[in-house]
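Presented below is the structure to which this report refers.
The values are calculated or read from the model by the stated rules, or taken from the named source; none is laboratory data. All values derive from a computational prediction rather than experimental measurement. Here the Cβ positions follow ideal geometry from the backbone for every residue, glycine too, while neighbour counts run over all protein chains shown. Surface accessibility is based on the protein's heavy atoms, side chains included, excluding ligands, DNA and RNA. Shrake-Rupley method; radii C 1.70, N 1.55, O 1.52, S 1.80 Å.
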Amino acid sequence: MNGEELTEQETALYDRQIRVWGADAQRRLSKSHILVYGMKGTIAEFCKNIVLAGVGSLTLVDDRDVSEEALSANFLIPPDESVCRGKTLAELCCDSLREFNPMVRVSVEKGDLASLGAEFFDKFDVVVISCCSLATKKLINEKCRKLSKRVSFYTVDCRDCCGEIFVDLQKYNYAKKKTDGTTESELQYPSFQEAISVPWKSLRPKVSKLYFAMRVIERFEEAEKRKPREISIEDLPAVLKLKKELCEEQSLNESHIPDTLLERLVMGAKEFPPVCAIIGGTLGQEVIKAISSKGDPLKNFFFFDATDGKGMIEDISNPNLLS
């Protein structure tokens, strides 16, 4: 951060937040630049939270037209069809977000995120992507990691009443609270590719079933050349067949990936708005912590399933790669 002080207007507007996390954290937020791809319902919740928190700028990327699915989960899209005509999802969400906090610069970037060079991502402190293929997640994460500065990278996915967040803060230093004060701590994060490459049989016995289920869905969409969530109940037999093959390959008992869970993810490819609020809120908190360097960050997966109301943090990494 460049050390600039908050303006009187910023101090007045963010007074309550400053009382919670301090002026230095708010200053870091006000100088941060966030890139978001994929304007789904979960991302809409996330964007609302960080705009209200007072980040410096937010850039949206999503050239898709408004669909019925988008209208069902994304509250940033105006209900008036005449307003939506001729505008992309990113443009519509941009207009709405500007009204939440005029002090945050919200803009739109057009184009295919995967085709943009590494220099494009150098403009940002945080990159958050959704609605992406497995290949795109890996590609954007690697582009962020090749930059000379640290760029925090997040992926988020919400299907039916389940959600997943992945976090890569690379080499991250932060102030860890203890009973006798605070101490400087450091965490080393794996890339997305490194994390999902960890052998399943080496993971702890009670790792979230959602972790395995989401990997099966990703692999199916990649193998079938489907777009994210371009899946239906007719695909369930093929998904279950792939699950069996992966479990054999990874020496994992098939009971770790219940057929009923995969069926829910296949049938409920759309987002469930209440879960969007939970996942988007959690993601917003994590990004604020990463920017401010205050609070214990999530490492490196978060899972939520509304059927039992539980959220789980899983550290899935290969210690040999992080040493």
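Odds and ends about this structure:
- Förster radius 22 Å - calculated FRET efficiency between S232 and S133 (Cβ-Cβ, nearest 0.05): 0.80
- Pairwise centroid distance, computed over Cα atoms, of the range 195-228 with the range 159-176, Å: 17
- Per residue, the range 62-133 exposes an accessible area of 51 Å² to a 1.4 Å probe, with every protein chain left in place.
- Within the accessible area of the range 92-133, the carbon and sulfur atoms contribute 48%, probe 1.4 Å, all protein chains present.
- Between K146 and Q9, full extension at 0.36 nm per residue minus the direct alpha carbon distance yields a gain of 45.6 nm.
- The protection proxy used here, the mean number of other Cβ atoms lying within 10 Å of each residue, ranks peptides 206-219, 173-186, 37-50 as follows, highest first: 37-50, 206-219, 173-186.
- Whole-Hz ³J(HN,Hα) from phi, Karplus 6.51 cos²θ - 1.76 cosθ + 1.60, for the range 151-158, glycine and proline x: 10, 6, 10, 9, 10, 9, 9, 10
- Shown in residue order for the range 161-167 are the 3J(HN,Hα) couplings computed by the Karplus curve 6.51 cos²θ - 1.76 cosθ + 1.60 at θ = phi - 60°: 9, 10, x, 9, 10, 10, 10 Hz (x for Gly and Pro).
- Paramagnetic label reach from E69 (point 7 Å along Cα→Cβ; backbone nitrogen cut-off under 11 Å): within the range 229-247, residues 229-232.
- Counting only protein heavy atoms and a 1.4 Å probe, the range 252-323 has 44 square angstrom of accessible area per residue.
- Shape category assigned to the chain from the gyration tensor of Cα positions, a/c cut at 1.5: oblate
- These residues, E194, E234, go from largest to smallest accessible area, 1.4 Å probe, as E234, E194.
- Global form of the range 1-128, assessed from the alpha-carbon gyration tensor, a/c cut-off 1.5: oblate
- Modelled FRET efficiency - R0 30 Å, S185 with R105, Cβ distances, 0.05 increments: 0.40
- Ligands, DNA and RNA left out, the accessible area of the range 150-306 computed with a 1.4 Å probe is 51% carbon and sulfur.
- Within the accessible area of the range 50-90 (1.4 Å probe), percent carbon and sulfur: 52
- Cα gyration tensor category, rounded, prolate or oblate, for the range 68-132 with a/c compared to 1.5: prolate
- With a Förster radius of 41 Å applied to the beta-carbon distance between N173 and A306, the computed FRET efficiency rounds to 0.75.
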